[in-house]
Amino acid sequence: MQDCLFCKMVQKQIPVRAAFEDETVLAFHDIAPQAPVHILVIPKKHFRNIMEVGADDGELVAHLFEVARALARENHLEGNGFRLVVNTGRDGGQTVEHLHIHLLGGRGFGWPPG
């Protein structure tokens, strides 16, 4: 998508501090972190949000979560825990219209989150 901030990052038009990259996924450190560890995990294929993901995209979605899990381990978060967040739509807190998972850790979180 031409005007999508995250697509521009995937296309290397905007630099990121990458945490992981392969042929289908890019993960990078958030520029306004909400926790000591705050990494965004995105598919390189553009989906506006989780509602656009189809049944044929199951492997990609699983891979997003595999990458998030590996990054949690790499950042030593598995002991005390961490949070994975997928915001969808304005009321869900989504500010960039490109599917992404927030990996947040390194501090305690309350409930409810909002």
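The values are calculated or read from the model by the stated rules, or taken from the named source; none is laboratory data. This structure is a prediction, so every number in the text was calculated from the model and none was measured. Methodologically, a virtual Cβ is constructed for each residue, glycine included, from the backbone with ideal geometry; neighbour enumeration extends over all protein chains shown. For accessibility, only protein heavy atoms count, side chains too; no ligands or nucleic acids. Shrake-Rupley method; radii C 1.70, N 1.55, O 1.52, S 1.80 Å.
HIS63 sits with roughly 50 Å² accessible to a 1.4 Å probe, with DNA, RNA and ligands left out of the calculation. Over all pairs of different C-alpha atoms in the chain, the reciprocal of the mean inverse distance, the Kirkwood hydrodynamic radius, equals 14.5 Å. In sequence order, the stretch 98-107 has phi-based couplings of 8, 3, 7, 10, 8, 9, 10, x, x, 7 Hz under the Karplus curve 6.51 cos²θ - 1.76 cosθ + 1.60, θ = phi - 60°, and Gly or Pro positions carry x.
A simple charge model with +1 on the Cβ of Lys and Arg, -1 on the Cβ of Asp and Glu and nothing else charged puts the dipole of the chain at about 400 debye relative to its Cα centre.
The residues packed around VAL16, meaning those with a beta-carbon under 15 Å from its beta-carbon, carry a net charge of +1 if Lys and Arg are +1 and Asp and Glu are -1. Note on the chain: helix-only mean residue ellipticity at 222 nm, from DSSP H runs of 4+ residues weighted -39500 (n - 2.57) and normalised by residue number, equals -6000 deg cm²/dmol. When the Cα positions of GLN34, HIS102, LEU5 are compared along the charge dipole of the chain, GLN34 comes out farthest toward the positive end, with charges on each C-beta of Lys, Arg, Asp and Glu.
Axis of helix 58-74 versus longest Cα principal axis of the chain: the two differ by about 40°, to the nearest ten degrees. Neighbours of PHE47, meaning other residues whose beta-carbon lies under 13 angstrom from its beta-carbon, give a summed charge of -1 when Lys and Arg score +1 and Asp and Glu score -1.
With 0.36 nm allotted per residue and the present C-alpha distance subtracted, the LEU60-GLU23 stretch has 12.2 nm of extension available.
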